[in-house]
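Single-structure report; data block below.
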Amino acid sequence: MPLTQSQRNRTEETSPDFSAGRKLSEMEQALLWSVLQEEPECPSRVLLDKAAERQIVMTVSLRHVNRWRLTWGLNRGKGRPRRTAGYQPVACGSEIVRVTPHVLCVGVHVFAQWLDHRDAFGPVVAQLTQTIAAYKQTHPGEDFALLHHRESTLVRRFEALVFAPLLGIDRLSEFDTHEHPLKTLLGRGYQSSTLSQFLGQLERVGADETLLPALVAEQAGQIIYVDGHMIAYWSRRAMHKGKITMSGRIMSGSQAVIAHDDGGQAVFVAYYPPDIHVSQVIVASCQQVALATGRALFVIDRAVKAVALAQAFDEKELGLLCMLDDNEHAGLESFEATVVDTLKDGTRV
């Protein structure tokens, strides 16, 4: 039945503003408050039992519940509860109580429901299950956790990794230090050690080659954009383009050459030593991208400005669009280095 004006005003005045805490969500707080409106003298232990009867189990201590009761002004005195004569609960079963939930990252929850409706993780888990089964046959003596995971476990852990950036988690260690709604999103939370072990075991079974067709977009754009990023091992800050040196010595780091299509979808990532100029590896890298995607038109903003490199692209039947400036580099010969030695894996130093 609809609320009368007096009932609506009374409900709005007495209802507190619920906000998500570290131990109780907004909906759990609203449930405790509604039960206390029916029985204000209900002991906290019985209060948790009533919440469990409504299929909401709260893993909090009685002391924590008592703190919320004190905040709401619904704490009771010591001793056994006594019902006063003529007591009428504030909200009976026939009345409507309006609660406005405040869910953290509500957009991610909606996005997760959309992905679940489309069964977006189904092909990924199917490919991963086949990879694990093949690994068991080729390595019968191996025994680690990933080989015994159920499909539901694989889905939850993969979803936790996918949704982490959307929840503001930049690195796995932030699963332990930052507050996030992963428990309301997946039904449980994860620690960084669990997900790190999961990633390591995925690499152990060689899941990268199997999952790549399922994770890459079905059709790349017509144009491929290529860019390089210098990464230093001792710093988290972005570095300038060029050699990373200190006192004339080349410091440890890596150079990432990233290719993405005109839709923003990353299609290829390759890592090279920081002392190698991009012009030495860009032709071979673009060849790999063309073989993988079937796209042969590349846009490169910097680092490739020589006529000789443009000719090298043309010889490989690759298209190149860049800011051509022959005064910047004198062809491929500008970046030739003296070979000192060759490692066992064939890498030239």
For the range 130-144, which residues satisfy the criterion of being loosely packed, with under 15 Cβ neighbours inside 10 Å and in contact (Cβ under 8 Å) with a residue 24 or more places away in the chain? 130, 144
Is it true that some residue in the range 148-158 is touching a His at 6+ places or on another chain (Cβ under 9 Å), modelled with pLDDT of 85 or more and closer than 29 Å to residue 24 by Cα? yes
So, in the range 162-174, how many residues would count as being closer than 21 Å to residue 121 by Cα and open to solvent by less than 30 Å² (accessible area, probe 1.4 Å)? 4
Counting just the residues of the range 315-349 that are open to solvent by 80 Å² or more (accessible area, probe 1.4 Å) and modelled with pLDDT of 80 or more, which one comes out farthest from residue 285 (Cα to Cα)? 344
Pair list, Cβ under 6 Å, 6 or more apart: the range 40-56 residue under 20 Å from residue 70 (Cβ atoms), other residue among the basic types (Lys, Arg): 41/76
Being open to solvent by less than 30 Å² (accessible area, probe 1.4 Å), over 24 Å from residue 253 (Cβ atoms) and in a helix (DSSP H, G or I) narrows it down to one of 292, 312, 308, so name that one. 312
Only residues that are open to solvent by less than 30 Å² (accessible area, probe 1.4 Å) and either under 11 Å from residue 257 (Cβ atoms) or in contact with a Leu (Cβ under 7 Å, 6 or more places away or on another chain) (or both): list them for the range 272-282, please. 278, 279, 281, 282
Could you list all residues from the range 169-216 that are free of Cβ contacts under 8 Å to residues at least 24 places away in the same chain and not in a helix (DSSP H, G or I)? 169, 170, 171, 173, 178, 189, 191
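Results for (1) touching a Gly at 6+ places or on another chain (Cβ under 8 Å); (2) closer than 30 Å to residue 313 by Cα; (3) modelled with pLDDT of 85 or more; (4) of a type in the set (Lys, Arg), shown as yes or no for each residue.
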residue: 165; (1), (2), (3), (4): no, no, yes, no
residue: 169; (1), (2), (3), (4): no, no, yes, no
residue: 194; (1), (2), (3), (4): no, no, yes, no
residue: 198; (1), (2), (3), (4): no, no, yes, no
residue: 213; (1), (2), (3), (4): no, yes, no, no
residue: 223; (1), (2), (3), (4): no, yes, yes, no
residue: 270; (1), (2), (3), (4): no, yes, no, no
Within the range 34-74, residues being at pLDDT 80 or above, farther than 25 Å from residue 187 by Cα, surrounded by 13 or more Cβ atoms within 10 Å (Cβ to Cβ) and of a type in the set (A, V, I, L, M) number 1
Report every pair of residues separated by at least 6 positions or lying on different chains whose Cβ atoms are under 6 Å apart, first residue within the range 282-307 and charged (D, E, K, R), second at pLDDT 80 or above. 295/224
Within the range 145-161, restricting attention to residues that are open to solvent by 20 Å² or more (accessible area, probe 1.4 Å) and touching a residue at least 40 places away in the same chain (Cβ under 8 Å), which residue is farthest from residue 211 (Cα to Cα)? 145
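The values are calculated or read from the model by the stated rules, or taken from the named source; none is laboratory data. Because the structure is predicted, anything quoted here is derived from the model rather than measured. Positions of Cβ are backbone-derived with ideal geometry, glycine not excepted, and every protein chain shown enters the neighbour counts. We work out accessible area using only protein heavy atoms, side chains counted, and drop any ligands, DNA or RNA first. Shrake-Rupley method; radii C 1.70, N 1.55, O 1.52, S 1.80 Å.
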